[in-house]
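Colleague: Starting off with a structure, shown below.
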Amino acid sequence: MKQQLQKIEQEFKKAIDGVGDVLKLDEVYQRFFSRKSGEMTQIMKNLKELSGEARKELGSLANEVKTNLEEIYGSKKQDLEHAGWDRIAVEEQIDVTEPKLPPKRKGHLHPMTIVHNELEDLFTSMGFMVLDGPELESDYYAFEALNIPKTHPARESMDTFYVKGKPSWVMRPHTSPVQIRAMQKYGAPLRTVVSGRVFRNEATDASHEHTFYQMEGLVVDKDISISNLIGTMQELLQGVLKKDVEVRLRPGYFPFVEPGFELDMKCLVCSGTGCGACKHSGWVETVPCGLIHPRVIKAGGLDPKVWTGFAFGLGSMRLAMQKYGIEDIRHLHAGNMEFLEQF
Ligand code: FA5
(Lines give C-alpha, C1' and ligand atoms only; values in the text may rest on other atoms or scores of the structure.)
Protein backbone atom coordinates (compact mmCIF):
# COMPACT_ATOMS: atom_id res chain seq x y z
CA MET A 1 0.00 0.00 0.00
CA LYS A 2 2.99 2.27 0.71
CA GLN A 3 4.16 1.77 -2.87
CA GLN A 4 0.64 2.39 -4.14
CA LEU A 5 0.58 5.72 -2.26
CA GLN A 6 3.96 6.73 -3.74
CA LYS A 7 2.72 5.83 -7.22
CA ILE A 8 -0.49 7.86 -6.80
CA GLU A 9 1.50 10.86 -5.55
CA GLN A 10 3.83 10.75 -8.56
CA GLU A 11 1.03 10.27 -11.09
CA PHE A 12 -1.09 13.03 -9.58
CA LYS A 13 1.80 15.53 -9.71
CA LYS A 14 2.68 14.52 -13.29
CA ALA A 15 -0.94 14.80 -14.48
CA ILE A 16 -1.39 18.22 -12.86
CA ASP A 17 1.85 19.56 -14.29
CA GLY A 18 0.61 19.26 -17.87
CA VAL A 19 -2.77 20.85 -17.23
CA GLY A 20 -3.45 24.34 -18.74
CA ASP A 21 -7.00 25.18 -17.63
CA VAL A 22 -9.34 24.75 -14.69
CA LEU A 23 -11.65 22.24 -16.43
CA LYS A 24 -8.81 19.82 -17.15
CA LEU A 25 -7.50 20.30 -13.62
CA ASP A 26 -10.87 19.28 -12.18
CA GLU A 27 -10.88 16.18 -14.40
CA VAL A 28 -7.53 15.15 -12.92
CA TYR A 29 -8.83 15.80 -9.40
CA GLN A 30 -11.89 13.64 -10.01
CA ARG A 31 -9.70 10.81 -11.29
CA PHE A 32 -7.97 10.63 -7.91
CA PHE A 33 -10.55 11.96 -5.48
CA SER A 34 -14.06 11.18 -6.83
CA ARG A 35 -16.25 9.65 -4.10
CA LYS A 36 -16.99 6.45 -5.97
CA SER A 37 -13.98 5.58 -8.07
CA GLY A 38 -11.13 7.99 -7.21
CA GLU A 39 -7.78 6.20 -6.88
CA MET A 40 -6.99 7.97 -3.61
CA THR A 41 -10.52 7.39 -2.33
CA GLN A 42 -10.07 3.65 -2.91
CA ILE A 43 -6.90 3.61 -0.81
CA MET A 44 -8.65 5.40 2.03
CA LYS A 45 -11.46 2.85 1.86
CA ASN A 46 -8.98 -0.05 1.90
CA LEU A 47 -7.41 1.26 5.12
CA LYS A 48 -10.49 0.09 7.00
CA GLU A 49 -9.59 -3.50 6.25
CA LEU A 50 -6.18 -3.21 7.96
CA SER A 51 -5.69 -3.71 11.66
CA GLY A 52 -3.43 -2.61 14.52
CA GLU A 53 -0.06 -0.99 13.92
CA ALA A 54 -0.23 -1.26 10.10
CA ARG A 55 -3.55 0.61 9.98
CA LYS A 56 -2.13 3.36 12.20
CA GLU A 57 1.10 3.75 10.24
CA LEU A 58 -0.43 3.59 6.78
CA GLY A 59 -3.40 5.72 7.84
CA SER A 60 -1.19 8.61 8.86
CA LEU A 61 0.92 8.28 5.68
CA ALA A 62 -2.23 8.20 3.50
CA ASN A 63 -3.60 11.32 5.24
CA GLU A 64 -0.29 13.11 4.74
CA VAL A 65 -0.28 12.28 1.00
CA LYS A 66 -3.97 13.23 0.65
CA THR A 67 -3.46 16.62 2.33
CA ASN A 68 -0.36 17.28 0.26
CA LEU A 69 -2.15 16.48 -3.03
CA GLU A 70 -5.15 18.63 -2.13
CA GLU A 71 -2.85 21.56 -1.41
CA ILE A 72 -1.12 21.09 -4.77
CA TYR A 73 -4.54 20.99 -6.43
CA GLY A 74 -5.71 24.19 -4.58
CA SER A 75 -2.69 26.26 -5.46
CA LYS A 76 -2.69 25.12 -9.11
CA LYS A 77 -6.38 26.07 -9.36
CA GLN A 78 -5.65 29.56 -8.03
CA ASP A 79 -2.80 30.06 -10.53
CA LEU A 80 -4.96 28.97 -13.46
CA GLU A 81 -7.85 31.27 -12.48
CA HIS A 82 -5.59 34.33 -12.27
CA ALA A 83 -3.95 33.51 -15.57
CA GLY A 84 -7.44 33.25 -17.10
CA TRP A 85 -8.47 36.77 -16.01
CA ASP A 86 -5.18 38.24 -17.20
CA ARG A 87 -5.65 36.58 -20.60
CA ILE A 88 -9.20 37.94 -20.96
CA ALA A 89 -8.02 41.44 -20.04
CA VAL A 90 -5.28 41.29 -22.68
CA GLU A 91 -7.37 39.65 -25.41
CA GLU A 92 -10.40 41.89 -25.00
CA GLN A 93 -8.27 44.99 -24.37
CA ILE A 94 -10.31 46.19 -21.44
CA ASP A 95 -8.83 49.45 -20.24
CA VAL A 96 -10.57 50.17 -16.95
CA THR A 97 -8.91 53.60 -16.77
CA GLU A 98 -10.42 54.75 -20.10
CA PRO A 99 -12.77 57.74 -19.62
CA LYS A 100 -16.36 57.17 -20.80
CA LEU A 101 -17.35 58.33 -24.29
CA PRO A 102 -19.16 61.66 -24.58
CA PRO A 103 -22.93 61.18 -25.09
CA LYS A 104 -24.13 61.21 -28.73
CA ARG A 105 -25.41 64.64 -29.79
CA LYS A 106 -29.17 64.71 -29.31
CA GLY A 107 -29.83 67.19 -32.10
CA HIS A 108 -28.36 70.17 -33.87
CA LEU A 109 -29.20 72.88 -36.38
CA HIS A 110 -29.78 72.09 -40.04
CA PRO A 111 -27.08 73.58 -42.33
CA MET A 112 -29.69 75.92 -43.90
CA THR A 113 -30.65 77.21 -40.45
CA ILE A 114 -26.96 77.78 -39.67
CA VAL A 115 -26.48 79.76 -42.90
CA HIS A 116 -29.64 81.85 -42.39
CA ASN A 117 -28.69 82.56 -38.75
CA GLU A 118 -25.24 83.71 -39.87
CA LEU A 119 -26.73 85.91 -42.59
CA GLU A 120 -29.25 87.47 -40.20
CA ASP A 121 -26.52 88.15 -37.61
CA LEU A 122 -24.38 89.75 -40.29
CA PHE A 123 -27.15 91.99 -41.61
CA THR A 124 -28.44 93.04 -38.19
CA SER A 125 -24.86 94.10 -37.39
CA MET A 126 -25.15 96.44 -40.43
CA GLY A 127 -28.42 97.92 -39.19
CA PHE A 128 -30.89 95.76 -41.16
CA MET A 129 -34.22 94.57 -39.70
CA VAL A 130 -35.14 90.90 -40.13
CA LEU A 131 -38.67 90.51 -41.52
CA ASP A 132 -40.90 87.65 -42.57
CA GLY A 133 -43.43 87.29 -45.37
CA PRO A 134 -46.26 84.94 -46.44
CA GLU A 135 -45.50 81.81 -48.50
CA LEU A 136 -49.02 81.90 -49.98
CA GLU A 137 -48.96 85.22 -51.78
CA SER A 138 -51.32 87.29 -53.89
CA ASP A 139 -50.68 87.71 -57.59
CA TYR A 140 -50.49 91.44 -56.96
CA TYR A 141 -47.53 91.30 -54.52
CA ALA A 142 -45.79 88.40 -56.29
CA PHE A 143 -45.88 90.05 -59.73
CA GLU A 144 -47.83 93.16 -60.45
CA ALA A 145 -46.48 95.46 -57.77
CA LEU A 146 -43.02 94.30 -58.85
CA ASN A 147 -43.56 95.67 -62.34
CA ILE A 148 -44.37 92.22 -63.80
CA PRO A 149 -47.76 92.65 -65.50
CA LYS A 150 -49.99 89.70 -66.46
CA THR A 151 -48.67 89.40 -69.99
CA HIS A 152 -45.03 89.72 -69.00
CA PRO A 153 -42.81 86.76 -70.05
CA ALA A 154 -41.00 86.89 -66.68
CA ARG A 155 -44.02 85.17 -65.13
CA GLU A 156 -43.37 82.12 -67.25
CA SER A 157 -39.71 82.01 -66.32
CA MET A 158 -40.74 81.76 -62.68
CA ASP A 159 -42.80 78.56 -63.33
CA THR A 160 -45.25 79.48 -60.63
CA PHE A 161 -47.60 77.16 -58.68
CA TYR A 162 -51.09 78.70 -58.82
CA VAL A 163 -53.73 77.80 -56.25
CA LYS A 164 -56.51 75.68 -57.77
CA GLY A 165 -59.73 77.67 -58.19
CA LYS A 166 -58.08 80.90 -56.98
CA PRO A 167 -55.98 82.22 -59.87
CA SER A 168 -54.98 85.37 -58.01
CA TRP A 169 -53.13 83.33 -55.32
CA VAL A 170 -49.72 81.72 -55.79
CA MET A 171 -47.09 79.87 -53.78
CA ARG A 172 -44.52 82.65 -53.90
CA PRO A 173 -41.86 81.91 -56.54
CA HIS A 174 -39.42 84.38 -54.94
CA THR A 175 -39.05 86.47 -51.78
CA SER A 176 -39.25 89.78 -53.67
CA PRO A 177 -42.97 90.46 -52.79
CA VAL A 178 -41.69 91.36 -49.32
CA GLN A 179 -40.01 94.43 -50.85
CA ILE A 180 -43.44 95.99 -51.39
CA ARG A 181 -44.88 94.83 -48.07
CA ALA A 182 -41.86 96.21 -46.16
CA MET A 183 -42.00 99.64 -47.85
CA GLN A 184 -45.74 99.87 -47.30
CA LYS A 185 -45.41 99.00 -43.64
CA TYR A 186 -42.17 100.73 -42.60
CA GLY A 187 -41.71 103.54 -45.17
CA ALA A 188 -38.20 104.95 -45.73
CA PRO A 189 -35.34 104.98 -44.96
CA LEU A 190 -35.37 101.21 -44.69
CA ARG A 191 -32.88 98.33 -44.49
CA THR A 192 -34.27 94.84 -44.25
CA VAL A 193 -33.57 91.17 -45.04
CA VAL A 194 -36.17 88.43 -45.36
CA SER A 195 -35.28 84.75 -45.63
CA GLY A 196 -37.75 82.02 -46.44
CA ARG A 197 -39.00 79.24 -48.66
CA VAL A 198 -40.00 79.77 -52.27
CA PHE A 199 -41.62 77.36 -54.73
CA ARG A 200 -41.24 76.72 -58.46
CA ASN A 201 -42.69 74.14 -60.77
CA GLU A 202 -39.42 72.85 -62.13
CA ALA A 203 -37.51 69.60 -62.51
CA THR A 204 -34.84 69.01 -59.91
CA ASP A 205 -31.16 68.41 -60.58
CA ALA A 206 -27.89 68.95 -58.72
CA SER A 207 -28.43 72.73 -58.56
CA HIS A 208 -32.25 73.07 -58.75
CA GLU A 209 -34.97 72.28 -56.21
CA HIS A 210 -38.73 72.89 -56.58
CA THR A 211 -38.79 74.18 -52.99
CA PHE A 212 -35.77 76.21 -52.02
CA TYR A 213 -34.63 79.14 -49.90
CA GLN A 214 -33.88 82.72 -50.78
CA MET A 215 -32.89 85.75 -48.78
CA GLU A 216 -34.25 89.04 -50.01
CA GLY A 217 -32.36 92.20 -49.15
CA LEU A 218 -33.68 95.72 -49.50
CA VAL A 219 -32.19 99.14 -48.82
CA VAL A 220 -34.20 102.31 -49.43
CA ASP A 221 -32.55 105.63 -48.77
CA LYS A 222 -31.45 108.82 -50.48
CA ASP A 223 -28.66 108.65 -53.11
CA ILE A 224 -28.17 104.90 -53.06
CA SER A 225 -25.72 103.80 -55.77
CA ILE A 226 -24.30 100.64 -57.31
CA SER A 227 -21.21 101.04 -55.07
CA ASN A 228 -23.43 100.60 -51.98
CA LEU A 229 -24.85 97.45 -53.57
CA ILE A 230 -21.46 95.95 -54.47
CA GLY A 231 -19.98 96.74 -51.03
CA THR A 232 -22.89 95.00 -49.31
CA MET A 233 -22.60 91.95 -51.58
CA GLN A 234 -18.89 91.65 -50.72
CA GLU A 235 -19.72 91.79 -46.98
CA LEU A 236 -22.39 89.11 -47.48
CA LEU A 237 -20.14 86.61 -49.24
CA GLN A 238 -17.13 87.16 -46.99
CA GLY A 239 -19.28 87.06 -43.85
CA VAL A 240 -20.73 83.64 -44.65
CA LEU A 241 -17.86 81.98 -46.52
CA LYS A 242 -15.18 83.53 -44.27
CA LYS A 243 -12.74 83.86 -47.15
CA ASP A 244 -12.12 85.93 -50.27
CA VAL A 245 -14.03 84.58 -53.25
CA GLU A 246 -13.75 85.42 -56.91
CA VAL A 247 -16.95 87.08 -58.18
CA ARG A 248 -18.17 88.46 -61.48
CA LEU A 249 -20.95 90.96 -62.09
CA ARG A 250 -22.84 90.77 -65.35
CA PRO A 251 -26.00 92.45 -66.59
CA GLY A 252 -29.19 90.63 -65.57
CA TYR A 253 -32.81 91.36 -66.39
CA PHE A 254 -35.45 91.57 -63.68
CA PRO A 255 -38.44 93.92 -64.21
CA PHE A 256 -38.22 95.19 -60.62
CA VAL A 257 -34.66 96.57 -60.83
CA GLU A 258 -32.94 98.95 -63.23
CA PRO A 259 -30.08 98.37 -63.83
CA GLY A 260 -30.11 94.69 -62.87
CA PHE A 261 -27.15 92.36 -62.33
CA GLU A 262 -26.27 88.75 -61.86
CA LEU A 263 -23.55 88.30 -59.27
CA ASP A 264 -21.85 84.96 -59.80
CA MET A 265 -19.10 83.41 -57.68
CA LYS A 266 -16.35 81.04 -58.77
CA CYS A 267 -17.50 77.56 -57.69
CA LEU A 268 -15.78 76.53 -54.46
CA VAL A 269 -16.97 72.93 -54.78
CA CYS A 270 -14.79 72.29 -57.88
CA SER A 271 -12.54 75.42 -57.76
CA GLY A 272 -14.00 76.53 -61.09
CA THR A 273 -13.23 73.38 -63.09
CA GLY A 274 -16.92 72.47 -63.49
CA CYS A 275 -19.27 70.20 -61.49
CA GLY A 276 -22.99 69.56 -60.85
CA ALA A 277 -23.17 72.39 -58.30
CA CYS A 278 -22.18 75.01 -60.93
CA LYS A 279 -23.89 73.35 -63.92
CA HIS A 280 -20.39 72.52 -65.17
CA SER A 281 -19.65 76.18 -65.91
CA GLY A 282 -17.25 76.89 -63.03
CA TRP A 283 -19.48 79.81 -61.89
CA VAL A 284 -22.53 79.80 -59.59
CA GLU A 285 -25.40 82.24 -60.03
CA THR A 286 -25.68 83.29 -56.41
CA VAL A 287 -27.07 86.79 -55.92
CA PRO A 288 -29.12 88.57 -58.56
CA CYS A 289 -29.46 92.22 -57.61
CA GLY A 290 -29.93 95.77 -58.85
CA LEU A 291 -31.17 99.27 -58.14
CA ILE A 292 -34.89 99.33 -57.32
CA HIS A 293 -37.09 100.30 -60.25
CA PRO A 294 -38.95 103.62 -59.64
CA ARG A 295 -42.30 101.87 -60.27
CA VAL A 296 -41.58 99.45 -57.43
CA ILE A 297 -40.73 102.30 -55.06
CA LYS A 298 -44.03 103.90 -56.05
CA ALA A 299 -45.94 100.64 -55.46
CA GLY A 300 -44.36 100.60 -52.00
CA GLY A 301 -46.05 103.97 -51.33
CA LEU A 302 -42.87 106.09 -51.62
CA ASP A 303 -41.88 108.93 -53.93
CA PRO A 304 -39.27 107.65 -56.44
CA LYS A 305 -38.05 111.21 -56.98
CA VAL A 306 -36.95 111.33 -53.34
CA TRP A 307 -36.08 107.72 -52.55
CA THR A 308 -33.66 105.33 -54.24
CA GLY A 309 -32.51 101.87 -53.25
CA PHE A 310 -31.04 98.50 -54.06
CA ALA A 311 -32.39 94.97 -53.70
CA PHE A 312 -30.95 91.50 -53.96
CA GLY A 313 -32.36 87.95 -53.97
CA LEU A 314 -29.74 85.54 -52.65
CA GLY A 315 -30.12 81.84 -53.51
CA SER A 316 -29.19 80.77 -49.99
CA MET A 317 -29.20 77.01 -50.68
CA ARG A 318 -26.61 77.54 -53.36
CA LEU A 319 -24.57 79.64 -50.93
CA ALA A 320 -24.78 76.84 -48.32
CA MET A 321 -23.53 74.38 -50.97
CA GLN A 322 -20.54 76.63 -51.59
CA LYS A 323 -19.84 77.09 -47.89
CA TYR A 324 -19.86 73.38 -47.07
CA GLY A 325 -18.70 71.90 -50.40
CA ILE A 326 -22.04 70.15 -51.08
CA GLU A 327 -22.12 68.87 -54.66
CA ASP A 328 -25.89 68.24 -54.93
CA ILE A 329 -28.63 70.58 -53.64
CA ARG A 330 -31.00 67.62 -53.03
CA HIS A 331 -28.91 66.47 -50.03
CA LEU A 332 -30.23 69.49 -48.14
CA HIS A 333 -33.83 68.24 -48.09
CA ALA A 334 -33.23 64.48 -48.12
CA GLY A 335 -33.33 64.03 -44.34
CA ASN A 336 -30.38 61.62 -44.45
CA MET A 337 -28.87 61.45 -40.94
CA GLU A 338 -25.42 60.46 -42.19
CA PHE A 339 -25.33 63.68 -44.23
CA LEU A 340 -26.86 65.90 -41.54
CA GLU A 341 -24.64 64.66 -38.71
CA GLN A 342 -21.66 66.30 -40.42
CA PHE A 343 -22.84 69.77 -39.42
C1 FA5 B 1 -35.25 85.96 -58.38
O2 FA5 B 1 -35.91 85.13 -57.78
C3 FA5 B 1 -35.32 87.41 -58.06
N4 FA5 B 1 -36.46 87.66 -57.24
C5 FA5 B 1 -34.04 87.87 -57.40
C6 FA5 B 1 -33.86 89.36 -57.31
C7 FA5 B 1 -34.23 90.01 -56.15
C8 FA5 B 1 -33.30 90.08 -58.36
C9 FA5 B 1 -34.07 91.39 -56.03
C10 FA5 B 1 -33.13 91.43 -58.24
C11 FA5 B 1 -33.50 92.07 -57.07
P12 FA5 B 1 -33.86 84.16 -59.68
O13 FA5 B 1 -34.99 83.48 -60.31
O14 FA5 B 1 -32.63 84.26 -60.50
O15 FA5 B 1 -34.21 85.58 -59.19
O16 FA5 B 1 -33.51 83.42 -58.32
C17 FA5 B 1 -32.61 83.98 -57.39
C18 FA5 B 1 -31.57 82.95 -56.94
O19 FA5 B 1 -32.24 81.83 -56.39
C20 FA5 B 1 -30.71 82.37 -58.08
O21 FA5 B 1 -29.60 83.16 -58.36
C22 FA5 B 1 -30.31 81.05 -57.50
O23 FA5 B 1 -29.18 81.22 -56.65
C24 FA5 B 1 -31.50 80.68 -56.68
N25 FA5 B 1 -32.36 79.74 -57.41
C26 FA5 B 1 -33.13 79.97 -58.49
N27 FA5 B 1 -33.80 78.88 -58.88
C28 FA5 B 1 -33.43 77.91 -58.01
C29 FA5 B 1 -33.78 76.53 -57.86
N30 FA5 B 1 -34.66 75.93 -58.64
N31 FA5 B 1 -33.21 75.82 -56.86
C32 FA5 B 1 -32.33 76.42 -56.04
N33 FA5 B 1 -31.97 77.71 -56.11
C34 FA5 B 1 -32.50 78.45 -57.09
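Colleague: Could you give me the residue pairs with C-beta distances under 9 Å whose first residue belongs to the range 238-257 and is assigned by TED's automatic domain parsing to the domain that holds residue 281, whose second residue is loosely packed, with under 15 Cβ neighbours inside 10 Å and small (Gly, Ala, Ser) wherever it lies, and which are 6+ apart or on separate chains?
Modeller: Close Cβ pairs (under 9 Å, with a partner that is loosely packed, with under 15 Cβ neighbours inside 10 Å and small (Gly, Ala, Ser)) amount to 239/125.
Colleague: Can I ask one more? Checking the structure you have, find out if any residue of the range 118-133 is part of a helix (DSSP H, G or I) and hydroxyl-bearing (Ser, Thr, Tyr).
Modeller: Yes, the range 118-133 contains at least one residue that is part of a helix (DSSP H, G or I) and hydroxyl-bearing (Ser, Thr, Tyr).
Colleague: Among residues belonging to the range 303-314 that are surrounded by fewer than 21 Cβ atoms within 10 Å (Cβ to Cβ) and in contact (Cβ under 8 Å) with a residue 60 or more places away in the chain, point out the one that is nearest to the chain's Cα centre (by Cα).
Modeller: Applying the filter and picking the extreme gives 308.
Colleague: Within the range 206-242, count every residue that is charged (D, E, K, R) and near the ligand (Cβ under 9 Å from one of its atoms).
Modeller: Total satisfying the criteria: 2.
Colleague: Here's something else I'd like to know. Here's a check for you: in the range 273-290, which residue that is part of a strand (DSSP E or B) and either in contact with a Gly (Cβ under 6 Å, 6 or more places away or on another chain) or within 10 Å of the ligand (Cβ to nearest atom) (or both) is farthest from residue 307 (Cα to Cα)?
Modeller: Taking the range 273-290 as the starting set, the residues that turn out to be part of a strand (DSSP E or B) are 283-290.
Imposing the further condition that a residue be either in contact with a Gly (Cβ under 6 Å, 6 or more places away or on another chain) or within 10 Å of the ligand (Cβ to nearest atom) (or both) reduces the set to 284-290.
Working: 284: 32, 285: 29, 286: 27, 287: 23, 288: 21, 289: 18, 290: 15 Å.
Ranking the candidates gives 284 first.
Colleague: What do you reckon, is residue 142 within 16 Å of the ligand (Cβ to nearest atom), of a type in the set (Gly, Ala, Ser) and either farther than 30 Å from residue 324 by Cβ or modelled with pLDDT of 85 or more (or both)? Write out each step before concluding.
Modeller: Values: within 16 Å of the ligand (Cβ to nearest atom): yes; of a type in the set (Gly, Ala, Ser): yes; either farther than 30 Å from residue 324 by Cβ or modelled with pLDDT of 85 or more (or both): yes.
In short, yes.
Colleague: How many residues, within the range 298-320, are within 13 Å of the ligand (Cβ to nearest atom), out of contact with any Cys (no Cβ under 9 Å at 6 or more places or on another chain) and of a type in the set (A, V, I, L, M)?
Modeller: Qualifying residue count, the range 298-320: 3.
Colleague: Just checking, which of 122, 131 is surrounded by 14 or more Cβ atoms within 10 Å (Cβ to Cβ), out of contact with any strand residue (DSSP E or B) (no Cβ under 6 Å at 6 or more places or on another chain), in contact (Cβ under 8 Å) with a residue 24 or more places away in the chain and among the hydrophobic types (A, V, I, L, M, F, W, C)?
Modeller: Just one listed residue meets the conditions, 122.
Colleague: For a quick check of your reading: which strands (runs of 3 or more DSSP E) sit entirely within the range 141-223 and have at least 1 residues that are among the acidic types (Asp, Glu) and within 29 Å of the chain's Cα centre (by Cα)?
Modeller: Those strands (runs of 3 or more DSSP E) span 211-221.
Colleague: Taking the criterion of being in a strand (DSSP E or B), more than 9 Å from the ligand (Cβ to nearest atom) and among the hydrophobic types (A, V, I, L, M, F, W, C), would at least one residue in the range 261-272 satisfy it? So that I can check it myself, show each step before the final result.
Modeller: Keep residues of the range 261-272 that are in a strand (DSSP E or B), which gives 261-266.
Among the residues that remain, those that are also more than 9 Å from the ligand (Cβ to nearest atom) are: 265-266.
From what is left, the residues that are among the hydrophobic types (A, V, I, L, M, F, W, C) are 265.
Yes: the range 261-272 contains one or more residues that are in a strand (DSSP E or B), more than 9 Å from the ligand (Cβ to nearest atom) and among the hydrophobic types (A, V, I, L, M, F, W, C).
Colleague: Test residue 244 against the criterion of being open to solvent by 80 Å² or more (accessible area, probe 1.4 Å), touching a helix residue (DSSP H, G or I) at 6+ places or on another chain (Cβ under 8 Å) and either closer than 23 Å to residue 277 by Cβ or assigned to a loop (DSSP other than H, G, I, E, B) (or both), and give yes or no. I'd like the intermediate steps shown before the answer.
Modeller: On the way: open to solvent by 80 Å² or more (accessible area, probe 1.4 Å): yes; touching a helix residue (DSSP H, G or I) at 6+ places or on another chain (Cβ under 8 Å): yes; either closer than 23 Å to residue 277 by Cβ or assigned to a loop (DSSP other than H, G, I, E, B) (or both): yes.
Criteria met by residue 244.
Colleague: Here's another thing I want to ask about it. Would it be correct to say that residue 90 is of a type in the set (A, V, I, L, M, F, W, C), within 60 Å of the chain's Cα centre (by Cα) and modelled with pLDDT under 90?
Modeller: Details: of a type in the set (A, V, I, L, M, F, W, C): yes; within 60 Å of the chain's Cα centre (by Cα): yes; modelled with pLDDT under 90: yes.
So residue 90 fits the description; yes.
Colleague: Name every residue in the range 64-80 that is over 15 Å from residue 6 (Cβ atoms) and open to solvent by 50 Å² or more (accessible area, probe 1.4 Å), in order of residue number.
Modeller: The answer is 67, 70, 71, 75, 77, 78, 79.
Colleague: When the residues of the range 163-189 are filtered to those that are open to solvent by less than 20 Å² (accessible area, probe 1.4 Å) and free of Cβ contacts under 8 Å to residues at least 40 places away in the same chain, which remaining residue is farthest from the ligand (Cβ to nearest atom)?
Modeller: 170
Colleague: So, one more: Can you report the number of residues in the range 34-84 which are in a helix (DSSP H, G or I), free of Cβ contacts under 8 Å to residues at least 40 places away in the same chain and of a type outside the set (A, V, I, L, M)?
Modeller: Selection size over the range 34-84: 22.
Colleague: Determine which single condition residue 195 fails, assuming it passes every other condition in (1) more than 10 Å from the ligand (Cβ to nearest atom); (2) more than 30 Å from residue 275 (Cα to Cα); (3) crowded, with 22+ Cβ neighbours inside 10 Å.
Modeller: (2)
The values are calculated or read from the model by the stated rules, or taken from the named source; none is laboratory data. Keep in mind that this is a model prediction, so the values were computed, not measured. No Cβ is skipped: glycine too gets one built from the backbone with ideal geometry, and neighbour counts run over all protein chains shown. Surface accessibility is based on the protein's heavy atoms, side chains included, excluding ligands, DNA and RNA. Shrake-Rupley method; radii C 1.70, N 1.55, O 1.52, S 1.80 Å.
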